[in-house]
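Peer 1: Take a look at the following structure, please.
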Amino acid sequence: MDEGVKRRPMDGDDRGRLNLAVDELTWAWARTLVGLGDGEPPLTPYDAGHGDERTQAVRLARLRVLKHLGGYVDLLTEQDALFTLDHGTDFDEVADALGITRQAVTKRWGHVRKGEHVAVVISRRDRVREYADDPRVRVGEVGGAEQYDSDRGRFPVGKQVRAEATYAIVAVDGTVRRVYEIAPDSWEEVEPRLWRFEAVGKRELDDEEIETAYRAGTLPLKPGDDCPTRIGGAYRPHWF
């Protein structure tokens, strides 16, 4: 890490201000969910002068907000840990940031930094969905001519993986289904920090090509192999 980057642990004042910000944010969303405008009481359920029904409604709404935030925090934790490890951060630094042991970090994310070779793994469920910002864009198991564009889609692939990965492996419901050979220097940034690859010949590999790469030790998985989905999105690097 750049020595010019300021680093310090969170102190009590930091934690207090962060807690207050989260508290205010979650109450604001709870108010929104129960239909209370900015000028309507209560500001929080602690305010006096209101019946139990309104107080209960706001508290139940905040539980829904907190449940969502908990899952989102887990997702962000996974993404940032994978990103930093993918870009050379030491396991001890991640452990220190999270306040956990190095062993816990290696158990959860050790797959990121094993071996000298890396492949792109794309894991998904056997379904089709549309992007909320563009319903014309379909992703998942769309089939036909669209499948190639769906498979190479928008992923947060780090610089080292983009430079070194030779193959992209697509797993569906925990089982490898397709393999692509990534064309050299073909990664394109389609959105900030989201990349897509171009496959050699713009097609998936056939059985003979897959078997040849697998026997040569340059491809770690082939169709039919188990490939469990991991928390943190559709993409992960697979070091081998």
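The values are calculated or read from the model by the stated rules, or taken from the named source; none is laboratory data. Since this is a predicted model, take the numbers as computed values, not measurements. In this analysis, Cβ positions are derived from the backbone assuming ideal geometry, glycine residues included, and neighbour counts consider all displayed protein chains.
Peer 1: Any residue in region 73-81 that is closer than 27 Å to ALA30 by Cα, among the charged types (D, E, K, R) and buried (at least 17 other Cβ atoms within 10 Å of the Cβ)?
Peer 2: yes
Peer 1: Can you give me the number of residues within region 171-201 that are outside any strand (DSSP E or B), within 21 Å of the chain's Cα centre (by Cα) and of a type in the set (Gly, Ala, Ser)?
Peer 2: 1
Peer 1: Further, regarding this structure: I need a count of the residues in region 202-223 that are modelled with pLDDT of 95 or more, surrounded by 11 or more Cβ atoms within 10 Å (Cβ to Cβ) and assigned to a helix (DSSP H, G or I).
Peer 2: Qualifying residue count for the region: 6.
Peer 1: Could I ask something else about it? Cβ-Cβ distance below 6 Å, separation of 6 or more or different chains: which pairs start in region 27-42 with a residue that is assigned to a helix (DSSP H, G or I) and end on one that is surrounded by 16 or more Cβ atoms within 10 Å (Cβ to Cβ) and at pLDDT 80 or above?
Peer 2: Matching pairs, first to second residue: TRP29/VAL65; ALA30/VAL58; ALA30/ALA61; ALA30/ARG62; ALA30/VAL65; LEU33/ALA61.
Peer 1: Looking only at region 132-172, filter to residues that are of a type in the set (Phe, Trp, Tyr) and crowded, with 19+ Cβ neighbours inside 10 Å; which one of those is modelled with the lowest pLDDT?
Peer 2: PHE155
Peer 1: Okay, next question. Specify which of the listed residues (GLY70, GLY37) is out of contact with any Asp or Glu (no Cβ under 8 Å at 6 or more places or on another chain), of a type outside the set (Ser, Thr, Tyr) and modelled with pLDDT under 85.
Peer 2: Residue meeting the stated conditions: GLY37.
Peer 1: Can we say ALA199 is modelled with pLDDT under 95 and assigned by TED's automatic domain parsing to the domain that holds ALA165?
Peer 2: Criteria not met by ALA199.
Peer 1: May I pose another question? Show the residue pairs meeting these rules: Cβ distance below 9 Å; 6+ apart or different chains; first residue within region 214-226 and under 9 Å from PHE240 (Cβ atoms); second residue aromatic (Phe, Trp, Tyr) and assigned to a helix (DSSP H, G or I).
Peer 2: PRO220/TYR214; LEU221/TYR214
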